[in-house]
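A.B. asks: I'd like to ask you about the structure that follows.
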Amino acid sequence: MPWDFAVLLLTLGVAVPWRSTVRMRQLMQSPATTSEQRLAIYAGTIAFQWLAAGVALWRALARGISPRALGLALDHPLRTLAIAAGLCAFLAATQLYGLRQLAGLPPSEQGFAGVLARKLLPRNFVEVLAFIALVATVAVCEEFLYRGFLFAVIGRVSGSVVAAALVSTAFFSLGHLYQGVKGLTSTFVLGLVFCALRIFTGSLVPCVAVHFCVDLVAGLSAPRMLGLEHE
């Protein structure tokens, strides 16, 4: 494996999980977050993810990996968009159901999800705009990094689509290590779904669309459903 690919894999498999876990531990230990702190977290994440995705795209193209191999194609637009729309609707409904269940619990019983929502989710118009930019960034950059770049690299090295799907999904799951065992499991399952979309359609477009939809629905609905706007 080329040295630059190895460095990027170490970054995604070690540095990103470590950085996310440390930052989340610090966040959980703070009594509350201000609007300025939330905006700073959004901005830092946006900058880091675009930088990582840009470097990965640069090195992949320099090493001869084609845009098509990276999932940057849309060969069957109607079928791809129809699949994306259906899955968006299903997962958005699932998110809303989960939020209703969470909202029915007292704050002391809402666990990590409730605490995270209170620390990170937007409370006012400016934060909402910044959060939308964050969600768009995460959807595009994470899908490219894991289902585009990493999927293509592992597929090239191993010669196996199955290995590419499993390894890229494992790295994606590790990126959410801060969520604990439950978060690792759920993101691994979701990652496999995204990989199946990428393999079936040959494109990252449905993965990006579904990722964006799921995160946006959760981020914009949770503050209202959990009563965070009044805190």
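A.B. asks: Is it fair to say ALA164 is in a helix (DSSP H, G or I) and farther than 16 Å from VAL16 by Cα? Talk me through it step by step, then tell me what you get.
C.D. replies: Values: in a helix (DSSP H, G or I): yes; farther than 16 Å from VAL16 by Cα: yes.
Yes: the conditions hold for ALA164.
A.B. asks: Still on this structure, I have one more. For residues in the range 126-171 being polar (S, T, N, Q) and within 18 Å of the chain's Cα centre (by Cα), which is farthest from VAL193 (Cα to Cα)? Full working, then the answer.
C.D. replies: Step one: filter the range 126-171 for residues polar (S, T, N, Q), giving 137, 158, 160, 168-169.
Retained after the next criterion (residues that are within 18 Å of the chain's Cα centre (by Cα)): 137, 168-169.
Values: THR137: 20, SER168: 12, THR169: 9 Å.
Looking at the filtered set, the residue picked out is THR137.
A.B. asks: Test ALA73 against the criterion of being under 20 Å from ALA209 (Cα atoms), among the small types (Gly, Ala, Ser) and in a loop (DSSP other than H, G, I, E, B), and give yes or no. Can you show your working first?
C.D. replies: Working: under 20 Å from ALA209 (Cα atoms): yes; among the small types (Gly, Ala, Ser): yes; in a loop (DSSP other than H, G, I, E, B): yes.
Yes.
A.B. asks: Please go through the range 130-173 and give me each residue that is surrounded by fewer than 19 Cβ atoms within 10 Å (Cβ to Cβ), within 17 Å of PHE48 (Cα to Cα) and not hydrophobic (A, V, I, L, M, F, W, C), ordered by number.
C.D. replies: Within the range 130-173, none qualify.
A.B. asks: Related question: Looking only at the range 82-116, which residues are of a type in the set (A, V, I, L, M, F, W, C), closer than 24 Å to GLU143 by Cβ and buried (at least 17 other Cβ atoms within 10 Å of the Cβ)?
C.D. replies: ILE83, ALA84, LEU87, CYS88, LEU91, ALA92, LEU99, ALA113, LEU116
A.B. asks: Here is a further query. For LEU116, only one of the following conditions fails: (1) under 18 Å from the mean Cα position of the chain (by Cα); (2) not in a helix (DSSP H, G or I). What is its number?
C.D. replies: In the conditions (1) under 18 Å from the mean Cα position of the chain (by Cα); (2) not in a helix (DSSP H, G or I), LEU116 misses (2) alone.
Read the figures in this text as sums done on the coordinates, not as results from a lab. As the structure is a computational prediction, the values presented were derived from the model and not from experiment. Backbone-built Cβ (ideal geometry, glycine too); neighbour counts: all protein chains shown.
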